[in-house]
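Inspection log for the structure reproduced underneath, given as structure tokens.
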Amino acid sequence: MDFVGGSNSAKKAKFASSRVYDSAETPRISLYLLPPMGDISIEEFEGYALDRLRVLQKVDLFKAKGKKGEDLDQLVYEEAQKYMPLLYKDGQNRVVDESAARRDIISHHVLRLAFSSRKHDERRRWFLNAECSLFRARCAKESHKALASFVKELGFDPMDKDEFETNKEKLKYLANMRKEVVPTTGDDAHTYFYKVPIETVPNLIARRQVLMRAGYAFIMRNDLISIAQGYFRAALQKKMIETERFWDAKKDEEGDRLLPVVDHLRNINMVSQPTSSTKVLGEVKPEQLDALSNDSFPLCMSSLHEALRRDHHLKHAGRLQYGLYLKGIGLKLDDALRFWKSEFIQKMPSDKFDKQYAYNVRFNYGQEGKRVDYTPLSCMRIIQGTPPGTGEHHGCPFRHFDAQNLESMLRSRRVNEVDIRGIVDTAKSGNFQIACQKYFASVHRISEVEAEPVIHPNEYFVNSIKRRQMQAGQN
């Protein structure tokens with residue numbers, strides 16, 4: 001694969017954006033402004049991207065466990081070093097290994113191809129946020145001098161002495177507000193503060209950790225990571241637009257070889273393969289589903305079950321989400337056909353179900369079409385999927401329901417009012433899987449600390465069954 005085209009000699013050139021790192025003060029972080037040059041094999045194209053995807057998807061897992069700040073940075077960095085380490089050649093933190101830099105650059109640009117399309121906006125935003133988390137984690141491992149050098153290249157310098165003197169009292173207030181001890185006198189006092197455009201530090205503004213004046217934010221030297229991350233986010237957003245245009249122009253030329261790989265990367269789930277429910281419950285029969293829905297289904301699946309039992313129909317996205325889930329908890333194909341048919345024929349003739357809907361049930365079990373053994377959808381696939389429209393019931397209630405509907409649903413599950421407020425507030429803040437974890441804790445009458453992080457609906461089910469069995473044994 002040649003990302004930029006050119007002559008054969010150009011294809012043999014070294015990668016354009018893998019500069020030589022020749023100083024301990026030169027950071028290992030990259031803005032990925034230039035695409036890789038030269039030939040890239042299909043094996044590299046997909047293999048490098050899969051390694052990076054493992055890292056980016058682990059970001060969601062760590063956040064689902066409530067990790068943030070320095071703890072999150074450390075975990076993400078360790079994961080990155082496991083699958084795509086940026087290693088030094090000499091062991092003295094002086095020169096980065098070129099093959100490692102090459103791998104990093106290729107993997108980023110391949111995933112950018114997969115996730116830049118605005119037709120898949122949820123996945124596009126997921127990639128942007130995950131890459132920003134990875135970038136920040138790597139920044140956190142750089143020295144202050146390296147970061148200062150990096151942001152200087154971006155056009156950000158410490159405040160000059162005259163402006164520092166003019167705003168000294170405000171800067172003292174900022175330091176006191178942040179509870180940080182910095183010098184406000186001396187020849188280098190001004191170097192502890194930066195004046196930057198407000199759009200470069202949205203995270204700091206959201207946390208009220210800056211002073212703002214005339215379109216600029218006064219920040220402290222310790223916030224260089226936020227400057228770098230803000231610039232990286234803006235640059236990546238712009239580059240993703242360019243990448244979408246590039247791929248649209250190249251698809252016809254490269255589609256036969258690369259389109260299946262790109263589509264696969266966009267849709268693959270690598271974070272969690274759910275534990276087999278048969279290990280804790282055995283095979284599930286249709287007659288058990290009402291009780292299991294009440295006791296052990298996650299909210300997304302109990303909502304689908306109730307809609308199916310009430311309306312005797314689900315639209316395609318709902319049938320896919322719920323059908324694969326039921327397959328995952330142990331409902332066999334024959335029983336699945338019997339279950340779906342028993343509901344649908346309450347509103348349609350039996351032969352209509354056989355002709356129009358039975359195929360999809362068999363397809364989910366790998367008995368039609370390409371005969372692929374499809375796995376249940378993960379939380380992230382559901383959260384990032386197409387939101388439900390009128391008459392649809394798929395999706396994640398914590399992501400796709402408004403606060404009023406979510407509250408009503410939680411009350412119908414006998415969640416107490418204190419817990420409802422905490423769950424709804426957590427969902428509003430965008431922490432949908434943590435909201436689900438709080439829901440699990442509430443309906444199982446345990447503390448949030450005892451509840452497992454929720455990363456897959458089928459894992460939720462397994463953990464619920466285990467919890468119910470343990471509680472039954474204690475009574």
>> Taking amide H atoms as placed 1.01 Å from N in the peptide plane, list the residues 5 or more away in sequence, or in a different chain, whose amide H sits under 5 Å from that of VAL284.
In response: LEU331, LYS332
> In nm, to one decimal, how far is the MET177 label point from the GLN471 one, both placed 7 Å along Cα→Cβ?
Replying inline: 4.6 nm
> For the pair ASP311 and SER412, how long in nm is the line joining their label points, each one 7 Å along Cα→Cβ?
Replying inline: 1.2 nm
>> Can you compute the modelled spin-label distance between THR166 and GLN367, with each label point 7 Å from Cα toward Cβ, in nm?
In response: 7.7 nm
>> Could you work out the relative contact order of the chain? I mean the mean sequence separation of Cα pairs under 8 Å and 6+ apart, divided by the number of residues, in percent.
In response: 14 percent
> For the Cα atoms of the chain, what angle does the longest principal axis make with the long axis of helix 42-64, in degrees from 0 to 90, nearest 10?
Replying inline: 80 degrees
> What residues qualify as long-range amide H neighbours of TYR374, i.e. H under 5 Å apart, gap of 5 or more or another chain, H built at 1.01 Å from N?
Replying inline: GLY366
>> Please report the spacing between the Cα centers of region 32-79 and region 130-157 in Å, no decimals.
In response: 17 Å
>> Whole angstrom only: what separates the Cα centroid of region 190-265 from the Cα centroid of region 159-187?
In response: 28 Å
> Counting Lys +1, Arg +1, Asp -1, Glu -1, what net charge surrounds VAL361 among other residues with beta carbon under 15 Å of its beta carbon?
Replying inline: +4
> In region 380-457, which trypsin sites (Lys or Arg not before Pro) fall in coil by DSSP and have 15 or fewer other Cβ atoms within 10 Å?
Replying inline: ARG413, ARG414, ARG445
> Expressed as a rounded percentage, what relative contact order does region 280-410 have, with Cα pairs under 8 Å and six or more residues apart?
Replying inline: 28 percent
>> Tell me the relative contact order for region 362-441 as a rounded percent, counting alpha carbon contacts under 8 Å between residues six or more apart.
In response: 19 percent
>> Just to verify a number: FRET efficiency for ILE345 and ARG445, C-beta to C-beta distance, R0 = 41 Å, to 0.05?
In response: 0.60
> Which whole-number value in Å² is the accessible area per residue of the chain, probe 1.4 Å?
Replying inline: 49 Å²
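Which trypsin sites (Lys or Arg not before Pro) does region 119-156 hold that lie in a coil by DSSP with at most 16 other beta carbons within 10 Å? Before the final figure, lay out each step's value.
Details: sites: LYS119, ARG123, ARG124, ARG125, ARG136, ARG138, LYS141, LYS145, LYS152; in loops: LYS141.
Loop-located and lightly packed - LYS141.
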> Does region 348-406 come out rounded, prolate or oblate, given a ≥ b ≥ c as the square roots of the eigenvalues of its C-alpha gyration tensor, rounded meaning a/c under 1.5 and, failing that, prolate meaning a/b above b/c?
Replying inline: oblate
> Put +1 on the Cβ of every Lys and Arg and -1 on every Asp and Glu Cβ in the chain; which of SER447, PHE246, GLY47 then has its Cα farthest towards the positive end of the dipole?
Replying inline: SER447
> What angle, in degrees between 0 and 90 and rounded to the nearest 10, separates the Cα long axis of helix 144-153 from the longest principal axis of the Cα atoms of the chain?
Replying inline: 90 degrees
> Along region 210-222, what does the Karplus equation 6.51 cos²θ - 1.76 cosθ + 1.60 (θ = phi - 60°) give for ³J(HN,Hα), rounded to whole Hz, x for Gly and Pro?
Replying inline: 9, 10, 10, 7, 6, x, 10, 10, 8, 10, 9, 4, 5
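Only loop residues by DSSP count here, and only those with at most 14 other Cβ atoms within 10 Å; note down the trypsin sites (Lys or Arg not before Pro) in region 158-204 that meet that. Each step should come with its number before you reach the end.
Values: sites: LYS161, LYS168, LYS170, LYS172, ARG178, LYS179, LYS195; in loops: ARG178, LYS179.
In loop regions of region 158-204 (DSSP not H, G, I, E or B), the sparsely surrounded trypsin sites (Lys or Arg not before Pro) are LYS179.
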>> Can you divide the C-alpha Rg of region 360-475 by 2.2 N^0.38 Å and report the result to two decimal places?
In response: 1.21
> By how many degrees, 0 to 90 and rounded to 10, does the Cα axis of helix 457-474 deviate from the longest principal axis of the chain?
Replying inline: 70 degrees
> Given (i) -0.17, -0.70, -1.14; (ii) -0.29, -0.95, -1.21; (iii) -0.24, -0.89, -1.25 as candidate values of log10 I(q)/I(0) by the Debye sum over Cα atoms at q = 0.05, 0.10, 0.13 Å⁻¹, which corresponds to the one derived from the coordinates?
Replying inline: (iii)
> Which residue, chosen from ILE105, VAL196, CYS300, occupies the Cα position most advanced towards the positive end of the dipole of the chain, where the dipole is computed from +1 (Lys, Arg) and -1 (Asp, Glu) charges on Cβ about the Cα centre?
Replying inline: CYS300
> Compactness ratio of region 302-385: Cα Rg over 2.2 N^0.38 Å, N = residue count?
Replying inline: 1.05
> Expressed as a whole number of Å, what is the distance separating the alpha-carbon centroids of region 384-461 and region 309-341?
Replying inline: 22 Å
> Near the amide H of LEU31, under 5 Å away, which other amide H atoms are found, from residues 5 or more places off or on another chain, if H is placed in the peptide plane?
Replying inline: none
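Given axes a ≥ b ≥ c from the Cα gyration tensor, I'd like to know whether region 97-225 is rounded (a/c under 1.5), prolate (a/b larger than b/c) or oblate.
The shape class here is prolate.
The values are calculated or read from the model by the stated rules, or taken from the named source; none is laboratory data. All of these numbers come straight from a predicted model, not from anything done at the bench. Backbone-built Cβ (ideal geometry, glycine too); neighbour counts: all protein chains shown. These area figures cover heavy atoms from the full protein model, side chains too; ligands, DNA and RNA do not enter into them. Shrake-Rupley method; radii C 1.70, N 1.55, O 1.52, S 1.80 Å.
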